[in-house]
Amino acid sequence: MKSKKIYLIRHGQTDYNLKKIVQGSGIDAPLNDTGKKQAESFYKSFQDIPFDKVYTSTLQRSIQSVEKFIEKGIPHQALSGLNEINWGTREGIEITPEEDAYYHDVIYQWQSGNITLRIEGGESPQDVYDRQKEALEVILSQKDEEHVLICMHGRAMRVLLCQMLNYPLHCMDLFSHSNLCMYKLVYTGEMFLIESFNDVKHLNGYCSS
């Protein structure tokens, strides 16, 4: 098959990001003004790339982040497998010191290899990995799509990068991210090669988190 160039981005800023409120697959928040400016800046920087397809999660913040590409007429497919991790009972609330301690303990256990541990009421990294596998198979099966834009979410992006690059899942926090950051990868037909890591040069100074 032909190689694919994959532009993998995180969605732009939302008010939940700005206020440090937990936002997972159960929170369908829109972009705020900063997020819209980030999306516009990304579009201006990459509008001339001949994208064959735009893939997003089903959540509006990811779709809004690439809306101008979709309006341009580039085919778009929303895949639920690309949705953010479900943070369970922590979604939609501002983290208190007690809950922050619980959250960091869960992250520590994931980093220690307990990747099947589900956060209370939510998903584990392994759950996310498993549902992403089908989404990635859909994307890679489209042999005529040589330039692909994927917009998704922070924790889910870390999981997907582990899957693409064959990293152990407990290493996912090695992949840093911020709002509207970009990872550029090449798929050779057998393996993924990474060309850009958490790139934010296209944001032109718009704050990210």
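So, of the residues in segment 81-99 that are of a type in the set (D, E, K, R) and not in a helix (DSSP H, G or I), which turns out to be surrounded by the fewest Cβ atoms within 10 Å (Cβ to Cβ)? Give the derivation first.
Our first condition is that a residue be of a type in the set (D, E, K, R); within segment 81-99, this holds for 84, 90-91, 94, 98-99.
Imposing the further condition that a residue be not in a helix (DSSP H, G or I) reduces the set to 84, 91, 94.
Details: E84: 26, E91: 20, E94: 11.
Only one residue tops the list, namely E94.
Rundown of residues vs (1) in contact with a Ser or Thr (Cβ under 9 Å, 6 or more places away or on another chain); (2) basic (K, R); (3) not in a strand (DSSP E or B), yes/no style:
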| site | (1), (2), (3) |
| --- | --- |
| K5 | no, yes, no |
| I9 | yes, no, no |
| G12 | yes, no, yes |
| Q23 | yes, no, yes |
| I27 | yes, no, yes |
| K37 | no, yes, yes |
| S41 | no, no, yes |
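Beta carbons closer than 9 Å, at least 6 apart along the sequence or on distinct chains, pair a first residue in segment 44-63 that is at negative phi and in a strand (DSSP E or B) with a second that is polar (S, T, N, Q) and buried (at least 17 other Cβ atoms within 10 Å of the Cβ) for T56/S62; T56/S65.
Can you find, within segment 88-107, the residue that is nearest to D127 (Cα to Cα) among those that are touching a residue at least 12 places away in the same chain (Cβ under 8 Å) and among the small types (G, A, S)? Ranking the candidates gives G88 first.
Answer with yes or no whether G35 is under 23 Å from V128 (Cα atoms), of a type in the set (G, A, S) and out of contact with any Pro (no Cβ under 8 Å at 6 or more places or on another chain). Spelling it out, it is not the case that G35 is under 23 Å from V128 (Cα atoms), of a type in the set (G, A, S) and out of contact with any Pro (no Cβ under 8 Å at 6 or more places or on another chain). Within the set E146, E190, E195, the sole residue that is of a type in the set (D, E, K, R) and either touching a Phe, Trp or Tyr at 6+ places or on another chain (Cβ under 9 Å) or farther than 14 Å from K5 by Cα (or both) turns out to be E195.
Among the residues of segment 72-107, the ones that are over 21 Å from the mean Cα position of the chain (by Cα) and more than 24 Å from D15 (Cβ to Cβ) come to 4 in all. Could you give me the residue pairs with C-beta distances under 7 Å whose first residue belongs to segment 1-20 and is on the phi > 0 side of the Ramachandran plot, whose second residue is surrounded by fewer than 21 Cβ atoms within 10 Å (Cβ to Cβ) and part of a strand (DSSP E or B) wherever it lies, and which are 6+ apart or on separate chains? Note: pairs meeting the criteria are K20/E94. Comparison of S3, S25, S65, S57 shows that the only residue that is closer than 17 Å to V148 by Cα, hydroxyl-bearing (S, T, Y) and open to solvent by 20 Å² or more (accessible area, probe 1.4 Å) is S3.
The values are calculated or read from the model by the stated rules, or taken from the named source; none is laboratory data. Note that this is a predicted model, so its numbers are computed, not measured. Positions of Cβ are backbone-derived with ideal geometry, glycine not excepted, and every protein chain shown enters the neighbour counts. Please note that ligands, DNA and RNA were not included when accessible areas were found on the heavy atoms of the full protein model with its side chains. Shrake-Rupley method; radii C 1.70, N 1.55, O 1.52, S 1.80 Å.
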